[in-house]
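Step one of this worksheet: look at the structure below.
Read the figures in this text as sums done on the coordinates, not as results from a lab. Note that the structure is a prediction, hence the values are computed from the model and not measured. FYI the Cβ positions are ideal-geometry reconstructions off the backbone, even for glycines, and counts take in every protein chain you see.
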Number of protein chains: 2
Amino acid sequence: MANIRDVAKQAGVSVTTVSRVLNDHPYVTEEKRLAVEKAMEELGYYQNINAIHLSKGETRLIGVAVPFINHSYFSTLLNGIADQALVRDYNLVFYQTNYQEQEERKALEALKRKQVDGLLILSRASGWEAVDEYQEFGPIVVCESSNHTRIPCVSVDHYEAFRFGMRYMIQKGHRHIGYCIGRMNGTNSNLREMAYCEELEFIEEPYRKDWVFNNCLTIEDGKRVANEYMSLEERPSALLITSDQVAAGFRMEAEKQGIRVPADVAILGFDNHPIAEALDLTTIELPLHEVGMSLVEKVSSKNPTSAIYPFELVERGSV
Amino acid sequence: MANIRDVAKQAGVSVTTVSRVLNDHPYVTEEKRLAVEKAMEELGYYQNINAIHLSKGETRLIGVAVPFINHSYFSTLLNGIADQALVRDYNLVFYQTNYQEQEERKALEALKRKQVDGLLILSRASGWEAVDEYQEFGPIVVCESSNHTRIPCVSVDHYEAFRFGMRYMIQKGHRHIGYCIGRMNGTNSNLREMAYCEELEFIEEPYRKDWVFNNCLTIEDGKRVANEYMSLEERPSALLITSDQVAAGFRMEAEKQGIRVPADVAILGFDNHPIAEALDLTTIELPLHEVGMSLVEKVSSKNPTSAIYPFELVERGSV
DNA sequence: ATAGGGTATGAAACGCGTTTCATAGCAAGG
DNA sequence: CCTTGCTATGAAACGCGTTTCATACCCTAT
């Protein structure tokens with residue numbers, strides 16, 4: 001394939017001039033510009049992007065590390081990320097980590113080796129130190145509501161959202177409250193756990209291990225929880241549930257088995273996914289699309305800062 | 001940052017030897033290998049990946065053009081793609097096209113300019129000619145069940161699946177059959193339309209425009225269709241519906257309004273998404289995860305071939 | 001008339017790892 | 001003793017666009 005030097009020769013100019021034409025530099029006479037364009041046309045020339053990457057030292061690529069993609073939480077975030085990346089003329093490279101530290105490391109290495117100009121970590125498996133260690137190689141933003149001093153985080157305030165959900169249930173008269181947690185977001189899960197415990201303490205109720213359901217990510221998990229719920233000797237009267245997906249599975253299965261929502265058990269989902277509206281689920285809306293867009297904004301600046309996005313209660317008929 | 005020449009100097013060897021160490025070439029004595037490794041350590045050396053890309057002429061990156069990501073059809077495909085990419089040590093670059101021909105073109109240009117070694121097009125906005133034109137620059141695989149002679153396609157046989165669905169309804173005694181179509185997959189939609197028309201002809205029923213619902217992609221769309229359905233003077237007794245998501249929305253809304261599924265209207269979804277099980281939807285299962293994996297397999301070979309994946313009826317309680 | 005400043009252009013260096021080719025030592029085969 | 005054929009190693013070329021720096025012309029301001 002023809003390269004820039006071939007074009008220069010063909011057009012009778014220097015490579016510098018060809019480069020100027022390619023980059024719309026003003027100091028090129030119309031005459032030479034035309035000659036260069038003609039030569040490019042004749043030779044079927046196009047730029048080798050890797051040479052550009054190498055010489056410019058940037059790729060206009062943003063890496064995104066995500067555990068898996070077919071989950072509405074992440075795919076909604078990704079949608080926001082992709083929309084904003086389009087606006088800012090970035091492309092995205094995708095690292096599916098499956099929560100493997102080693103895969104996450106690959107994403108970090110890609111930053112170090114300049115494969116990507118910046119990195120977004122949607123959910124973390126490795127420790128803060130590991131992330132911190134790579135900050136010198138480029139901007140990293142983590143989608144987590146932590147106030148880590150050295151690493152920029154952009155997310156919804158999961159802690160406050162969960163606390164708000166708890167208070168909402170309490171205000172509705174519930175004292176026996178359980179909750180579901182996904183394995184997916186270590187930190188976020190911890191925050192929710194914290195909020196849960198604190199509010200329990202506030203109403204002076206004990207923490208009951210059998211009212212905490214782990215590994216809740218999908219509709220099926222919700223169904224599973226419904227069954228576990230029914231086999232409990234003593235049942236909570238309210239549940240905060242990881243996500244609307246899980247809440248939907250719970251509601252469908254529970255109602256199939258004759259448990260009434262919200263009469264027998266009140267449930268509160270998170271996200272405000274379309275399925276929540278469809279199933280008349282009260283939920284806490286998380287602006288994930290916006291968070292996604294913000295992540296890209298932050299990571300494209302030299303010095304990303306943290307940001308917390310607000311949530312909003314959407315009252316429907318499940319509480 | 002230190003480069004390979006610095007390392008060579010520090011270790012007292014040639015750059016070639018350093019390169020050999022980096023690439024595990026056998027012709028390096030243990031002694032020099034250690035010297036090189038020591039030098040790399042001391043200088044904090046790591047390879048610049050863009051230089052590798054440039055000199056090797058490949059990037060181990062596969063481009064994926066997809067209209068949008070937060071839709072289970074695409075995110076399931078992507079999940080399969082990502083899983084297989086991991087196995088084959090490829091990374092993915094993501095082109096969110098929103099069905100804009102111009103964005104799709106960017107993905108094709110990325111192939112031409114060697115940003116990616118191969119390209120996967122999950123749904124096409126531009127014509128075959130446009131795609132064909134870029135084949136000389138690298139392997140392209142389209143996720144479409146077309147038997148285009150010049151462009152490899154890997155997908156489910158949407159035509160046969162839809163025909164099968166029609167026959168299933170017919171065999172169940174239905175004569176008045178409508179269907180929903182998403183805007184998303186031009187070709188696939190056309191295939192479904194074809195299958196629909198042919199089967200209607202077969203049972204000698206007329207094509208009724210008001211029994212065809214367009215733009216059906218999400219749960220909300222399903223709800224909308226349910227409302228449109230109810231406002232029909234004459235209603236079909238069966239519907240084939242774009243996807244389980246849409247079918248779910250339809251079922252929930254219809255039942256809320258007092259229409260019984262399947263007594264009043266039988267519905268058949270596609271995909272066998274978890275939501276189908278949750279809502280007891282009869283559906284045609286499409287092996288999207290496998291298709292995704294296959295797409296990567298195909299695109300990583302020099303000469304990709306086409307493949308069609310089988311579907312499977314999952315009988316539940318909506319027909 | 002001259003200094004200053006913008007316009008225009010090209011040679012050469014730069015970013016950096018890989019690969020080809022030449023060279024040389026050394027052991028096995030004949 | 002000589003030819004093969006490895007093993008080892010390095011110089012130089014290669015992939016290719018960008019950027020710096022030097023040069024030169026021309027116009028305006030002093």
Can you name the residue in region B:2-33 that is within 8 Å of DNA strand D (Cβ to nearest atom), touching a residue at least 12 places away in the same chain (Cβ under 8 Å) and not in a helix (DSSP H, G or I) and is also nearest to the other protein chains (Cβ to nearest Cβ) among such residues? B:Val13
Can you report the number of residues in region B:166-197 which are part of a helix (DSSP H, G or I) and farther than 21 Å from B:Val319 by Cα? 7
Name the residues in region A:17-26 that are within 10 Å of DNA strand C (Cβ to nearest atom) and surrounded by 13 or more Cβ atoms within 10 Å (Cβ to Cβ), would you? A:Thr17, A:Val18, A:Ser19, A:Arg20, A:Val21
Among the residues of region A:34-68, write down those that are surrounded by 13 or more Cβ atoms within 10 Å (Cβ to Cβ), within 11 Å of DNA strand D (Cβ to nearest atom) and farther than 30 Å from A:Glu144 by Cα. A:Met40, A:Leu43, A:Tyr45, A:Tyr46, A:Gln47, A:Asn48, A:Ile49, A:Asn50, A:Ala51, A:Ile52, A:His53, A:Leu54
Could you list, in sequence order, the residues of region B:251-269 that are within 11 Å of another protein chain (Cβ to nearest Cβ) and in contact (Cβ under 8 Å) with a residue 40 or more places away in the chain? B:Arg251
Output the number of the condition that A:Asp221 fails; it satisfies all remaining conditions of (1) of a type in the set (D, E, K, R); (2) without any contact (Cβ under 8 Å) to a residue 60 or more places away in the chain; (3) surrounded by fewer than 23 Cβ atoms within 10 Å (Cβ to Cβ). (3)
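Applying the selection to region B:291-306, what residues are touching an Asp or Glu at 6+ places or on another chain (Cβ under 9 Å) and either assigned to a strand (DSSP E or B) or of a type in the set (Gly, Ala, Ser) (or both)? First the steps, then the outcome.
Restricting attention to region B:291-306, the residues satisfying the condition of being touching an Asp or Glu at 6+ places or on another chain (Cβ under 9 Å) are B:292-293, B:296, B:299-300, B:304.
Matches in region B:291-306: B:Gly292, B:Ser300.
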Please verify whether region A:44-56 includes one or more residues that are at the interface with chain B (Cβ under 9 Å from one of its Cβ atoms), in contact with a Gly (Cβ under 9 Å, 6 or more places away or on another chain), within 12 Å of DNA strand C (Cβ to nearest atom) and without any contact (Cβ under 8 Å) to a residue 12 or more places away in the chain. yes
Among residues belonging to region A:270-308 that are in contact with a Lys or Arg (Cβ under 9 Å, 6 or more places away or on another chain) and of a type in the set (A, V, I, L, M), point out the one that is nearest to the other protein chains (Cβ to nearest Cβ). A:Ala278
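For region B:88-97, which residues satisfy the criterion of being free of Cβ contacts under 8 Å to residues at least 60 places away in the same chain and more than 8 Å from every other protein chain (Cβ to nearest Cβ)?
In the first step, residues of region B:88-97 are kept if they are free of Cβ contacts under 8 Å to residues at least 60 places away in the same chain; the result is B:89, B:91-97.
B:Asp89, B:Thr97 - these are the residues of region B:88-97 that are free of Cβ contacts under 8 Å to residues at least 60 places away in the same chain and more than 8 Å from every other protein chain (Cβ to nearest Cβ).
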